[in-house]
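*Asks:* The structure follows.
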Amino acid sequence: MKNIHQTHASHPLSVKPAVHPSSQILNSFAGEWTSIGPNNKIIESRIGDYTYTMDDVTLNYTEVGKFTSIASHVCINPVDHPMDRVTQHHMTYRRASYGFANTNDEDIFNWRRGNRVTIGHDVWIGHGAIIMKGVHIGTGAVVGSGAVVTKDVEPYTIVVGVAAKPIKKRFPQETIDQLLQIAWWDWSRELLEEKFAELNDINSFIKKYG
């Protein structure tokens, strides 16, 4: 993966990712018009165009689509400890740091990498939400503040609570199907600029492009 270039996030944004200097980025990639807020920790993740994160966000081993909004204090894919061992403490796999061996236990880290989270396009993840390992969040979904998501979320579905449960769809299923077919998030910058004024009226948008 390509490392994100760290610069101070400022407005206006540009094709170059804006990353706050207080954030820690490891082996990750961000697309155009992206913004990474203060005190983020992002490990081996990929962030699509126009997506932004607010402050104190953690992303581990995560694929994020385009135009996704991630509020402050969100944690995506919190890492597991090996519960089947005598001790859960990370000395058993970060053993080199404690002087128990010359190398760490890479099997644990590979195990974590194998449980990636995937988040679709135009998803809104509310303040303090937690997305557990292996979960897929569908395009257009909303995750309520403080929710703990342990199961996949269907496109354009709103989920809340601990553990998170669906409460409603954002639109009728016919509208959802049409939006997924239109896939406006894949439009070029030029087309977005041309059609920008139409993005605020769902009914006329679907009628014209659906």
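*Asks:* In the range 122-146, how many residues are in a strand (DSSP E or B), surrounded by fewer than 21 Cβ atoms within 10 Å (Cβ to Cβ) and free of Cβ contacts under 8 Å to residues at least 24 places away in the same chain?
*Replies:* 1
*Asks:* Can I ask one more? Any residue at all in the range 74-94 that is out of contact with any Phe, Trp or Tyr (no Cβ under 7 Å at 6 or more places or on another chain), β-branched (V, I, T) and within 24 Å of F196 (Cα to Cα)?
*Replies:* Checked the range 74-94: no residue is out of contact with any Phe, Trp or Tyr (no Cβ under 7 Å at 6 or more places or on another chain), β-branched (V, I, T) and within 24 Å of F196 (Cα to Cα).
*Asks:* Same structure, new question: Being over 15 Å from the mean Cα position of the chain (by Cα) and either within 18 Å of L59 (Cβ to Cβ) or open to solvent by 20 Å² or more (accessible area, probe 1.4 Å) (or both) narrows it down to one residue among I119, I167; which is it?
*Replies:* None of the other options fit; the residue is I167.
*Asks:* Out of all the residues in the range 85-108, is one or more part of a strand (DSSP E or B) and open to solvent by less than 60 Å² (accessible area, probe 1.4 Å)?
*Replies:* no
*Asks:* Mind checking which residues of the range 9-55 are surrounded by fewer than 20 Cβ atoms within 10 Å (Cβ to Cβ), in a strand (DSSP E or B) and hydrophobic (A, V, I, L, M, F, W, C)?
*Replies:* L26, F29, I43
Residues checked against (1) among the β-branched types (V, I, T); (2) more than 16 Å from V19 (Cα to Cα):
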| position | (1), (2) |
| --- | --- |
| T51 | yes, no |
| M54 | no, no |
| V57 | yes, no |
| I76 | yes, yes |
| H90 | no, yes |
| F100 | no, yes |
| R116 | no, yes |
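*Asks:* With the requirement that a residue be open to solvent by 50 Å² or more (accessible area, probe 1.4 Å) and not in a loop (DSSP other than H, G, I, E, B), what does the range 62-84 give you?
*Replies:* E63
*Asks:* Out of (1) over 20 Å from D152 (Cβ atoms); (2) modelled with pLDDT of 95 or more, the odd one out for N3 is which?
*Replies:* Unmet condition: (2).
The values are calculated or read from the model by the stated rules, or taken from the named source; none is laboratory data. Just so you know, these numbers come straight off a predicted model, no measurement behind them. Here the Cβ is made from the backbone with ideal geometry for all residues, glycine too, and neighbour counts use every protein chain on show. Remember, those area values only see protein heavy atoms, side chains included, never the ligands or the DNA or RNA. Shrake-Rupley method; radii C 1.70, N 1.55, O 1.52, S 1.80 Å.
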